[in-house]
Each structure stands twice: as C-alpha cells, then as structure tokens.
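What follows is a short report on a single structure.
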C-alpha cells in the first residue's frame, strides 16, 4: 500500500505551491518538486488536471510524446485517490480530512441520506440532495484568496453544476464540448488579457473511458494518443505568452474483472449488519455498522476477504494520517463510517441500491496501490 505524502511530495502540496505562487496563503506545505517562486515568476499559470491519468500509465504509454517529455516526477494523490476527494482538494487547498469528501458516495447526515457530492444527488435517485451546498461543502474556493485573475475551463455539462458553481467562487468560467474545445478555450483564457492569470483546466474523458472500457483497453490507449497530441498543440498555441503549464491528475486506475470483482451481497451476513449502503469507493469502502456490531462485522469481513483487503476501524485510517493533516471536518467520523475495507491487488467490492442499474465498471480507483496513488507532475514553459 502506498501512503499519501502530505508533507511536501503530494497533490495537496502541489495545490499549496500554486496558491503560494499566485499570492495566496497556502494551508499546507508546498511541493518540493515545484517551488512557489517558479510559479510566481510566470505571467500566466495554466493548471491542467487530467482526470485519471496515473503516472505509471504515462510512463508506459507516453514514450515519444509531449506529456512524458515534460514529466518532472510523481507526487502521490490524496486518500482516497478519487475525483470527489482530489478535485475538491484542487479547488480548495484543503486535505480530505478537512473538506470531508471521502468518496463518490458519502453519508450526508445534513441531507439525511447517502449521496454523490459531484452530481449533488441522492444515491439511487435523480433527486437533488435538498440542502444548500454550503451545508455539505465546508471549504471555500481557493480562487477567492488569490492575487491573480482566475479562470476555470471545464466540460460544458458540468460548468454550471452545483458543485462547480460552489467551488469556482469568483473565478470566471469557460465551457468546452470536446478536446479541441479544451485546447481552444484554455489558450483563449491565457490570451484574454495582459494581467497575471491562473487558468484551471479540467479534462474528464480519460477517466470516463477508463471506467467503462478499462484503463488498459485499446479505447483508452487511442484516446491517450489524442490527448497527448492535444497537449502538444496547446503548448504550441501558448508560445510567447510567458505561461508556466503545470499538468497533473487526481488519481490513477486499476482494472478489476471476474473473480476480482466482488458482490457485497455474497458476503456472509455482512449486509444485514449495515445501517446504510456502502459509501466511499469500490476500492475503499466505508461501512456504517449497526450500533455495537462493529467487532462482529470486522471479524466476518476479514473472514470473507482474507488477504484481499485491509479491514479496520475507519478511525484508524484517520489516526494514521491517510486523509491528511489539518482540523478534521466536524462530520468526518460520520462520513468515513465505522469500518473501512481497503482493497488489495485488483479486488473491488460493490453493492446496489434500488434505482441503480446493475452494471459493473472495469476501471476503478480509490485504493492505495501504486497505480492509483502515483500521479504525474508535468511542467513546461511557453
């Protein structure tokens, strides 16, 4: 298991370097691989977040390409290495311990349900969570504390989502529809004025294809080649703009199929001990157990999973620093549940609730493997 680095070698520290380089006050240590002074010296900073692009994948598939040519190193993601946790860190500069978003599904006592914070929906339903976003999202947008003009460039279907609106704050927002649009809008944002700027650009399709086809699939390899070429085109379009381009990712992937893909309903007696459906991720599930039944649950889960997972009280992970430094979110204990199932190898665990289609994804993340935890740091000047 790869432990997240929060002391100067991880994604949290990368965001701290960006904040400090933009004249803000970082909450945590900056990244040793990218000191704030290097960022501050640039007229423009373009931060490109490629959802799902693990460092191992880049080193395997990127030979001869524009992305790998500018690779500087491999920070770790946050834990769990998943979009809800990592992207929230990228928007706020807060650790998962602080912002309290610990997986795709989270128990939100404020809303009285298990929900998905990114689409802002109740699990198994299309209904909104039914509370103001500030009730669930404790952290404010980092853009509001910077000395630079800030522009968020993101995919049109999510540019005006509840999550995006809250976390963009006072930053301007630009939407695109495809990869060519991402390049065009990012370049336009950089060239939109003479003042120093931070442009935050987000690309989700590598992640989506990896989930549905598998990270090792031909579909993802073909998309990566397109993405690499688009990055090269972006660097060319930015030539002469005094821009420091910083690209990274929120997590990597493992593929899980067949015997590695476990159905929680097959676990003897475990589902009957839960108060709510599984939360977190298929690679790091947080279990809310009936009062007084946690020791029984742990014993049964360990017997079922054996060496395929670490089974432990969720509080152990927090105490060991997995979720990062800082002041814990007031509802962290509720959001990580009573027992954690952190999967080893390529094992995943899934449950379903009424209203959810019974299909399985191939690509997964959220666990502590090197494939999921190590992300690339790509730095180039234009």
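The values are calculated or read from the model by the stated rules, or taken from the named source; none is laboratory data. Please read these numbers as outputs of a predicted model, since none were measured by experiment. Because the Cβ atoms are built from the backbone with ideal geometry, glycine has one as well, and the counts that use them run over all protein chains shown.
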Query raised in the report: What residue, among those in segment 55-78 that are free of Cβ contacts under 8 Å to residues at least 24 places away in the same chain and part of a loop (DSSP other than H, G, I, E, B), is surrounded by the most Cβ atoms within 10 Å (Cβ to Cβ)?
Result: 63
Query raised in the report: In segment 79-117, how many are in a loop (DSSP other than H, G, I, E, B) and either without any contact (Cβ under 8 Å) to a residue 40 or more places away in the chain or under 11 Å from the mean Cα position of the chain (by Cα) (or both)?
Result: 10
Report task. For residue 297, work out the one condition from (1) modelled with pLDDT under 95; (2) surrounded by 15 or more Cβ atoms within 10 Å (Cβ to Cβ) it doesn't fulfil. Result -> (1)
Query raised in the report: For segment 147-163, how many residues meet the condition of being out of contact with any helix residue (DSSP H, G or I) (no Cβ under 7 Å at 6 or more places or on another chain) and either within 17 Å of residue 195 (Cα to Cα) or assigned to a helix (DSSP H, G or I) (or both)?
Result: 7
Query raised in the report: Among the numbered criteria (1) touching a residue at least 60 places away in the same chain (Cβ under 8 Å); (2) in contact with a helix residue (DSSP H, G or I) (Cβ under 9 Å, 6 or more places away or on another chain), which single criterion is violated by residue 308?
Result: (1)
**Report entry** Among (1) closer than 15 Å to residue 341 by Cα; (2) more than 16 Å from the chain's Cα centre (by Cα); (3) touching a residue at least 24 places away in the same chain (Cβ under 8 Å), the one test that residue 283 misses
**Finding:** (2)
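Do you know which of the residues in segment 120-137 that are out of contact with any strand residue (DSSP E or B) (no Cβ under 9 Å at 6 or more places or on another chain) and part of a loop (DSSP other than H, G, I, E, B) is surrounded by the most Cβ atoms within 10 Å (Cβ to Cβ)?
Looking only at segment 120-137, we keep the residues that are out of contact with any strand residue (DSSP E or B) (no Cβ under 9 Å at 6 or more places or on another chain), and these are 126, 132-134, 137.
Applying the additional criterion that residues be part of a loop (DSSP other than H, G, I, E, B) yields 126, 132, 137.
On the way: 126: 8, 132: 11, 137: 21.
For segment 120-137, the residue satisfying everything is 137.
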Report summary line: With criteria (1) part of a loop (DSSP other than H, G, I, E, B); (2) touching a strand residue (DSSP E or B) at 6+ places or on another chain (Cβ under 8 Å); (3) surrounded by fewer than 24 Cβ atoms within 10 Å (Cβ to Cβ); (4) modelled with pLDDT of 95 or more, residue 360 comes up short on (4)
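Quick one: is residue 334 farther than 22 Å from residue 273 by Cβ and either modelled with pLDDT of 95 or more or part of a strand (DSSP E or B) (or both)? Give the steps one after another, and end with the answer.
On the way: farther than 22 Å from residue 273 by Cβ: no; either modelled with pLDDT of 95 or more or part of a strand (DSSP E or B) (or both): yes.
So residue 334 does not fit the description; no.
Yes/no per residue for (1) touching a helix residue (DSSP H, G or I) at 6+ places or on another chain (Cβ under 7 Å); (2) without any contact (Cβ under 8 Å) to a residue 12 or more places away in the chain; (3) at negative phi; (4) surrounded by fewer than 21 Cβ atoms within 10 Å (Cβ to Cβ):
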{"site": "211", "(1), (2), (3), (4)": "no, no, yes, yes"}
{"site": "216", "(1), (2), (3), (4)": "no, no, yes, yes"}
{"site": "220", "(1), (2), (3), (4)": "yes, no, yes, no"}
{"site": "230", "(1), (2), (3), (4)": "yes, no, yes, yes"}
{"site": "249", "(1), (2), (3), (4)": "no, no, yes, no"}
{"site": "261", "(1), (2), (3), (4)": "no, no, yes, yes"}
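Evaluate the following for residue 27: is it touching a residue at least 12 places away in the same chain (Cβ under 8 Å), outside the structural domain of residue 351 (by TED's automatic domain parsing), farther than 30 Å from residue 352 by Cβ and not in a loop (DSSP other than H, G, I, E, B)? I'd like the intermediate steps shown before the answer.
Values: touching a residue at least 12 places away in the same chain (Cβ under 8 Å): yes; outside the structural domain of residue 351 (by TED's automatic domain parsing): yes; farther than 30 Å from residue 352 by Cβ: yes; not in a loop (DSSP other than H, G, I, E, B): no.
So residue 27 does not fit the description; no.
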Query raised in the report: Filtering segment 151-198 down to residues that are under 15 Å from residue 19 (Cβ atoms) and in contact (Cβ under 8 Å) with a residue 60 or more places away in the chain, which residue is surrounded by the most Cβ atoms within 10 Å (Cβ to Cβ)?
Result: 198
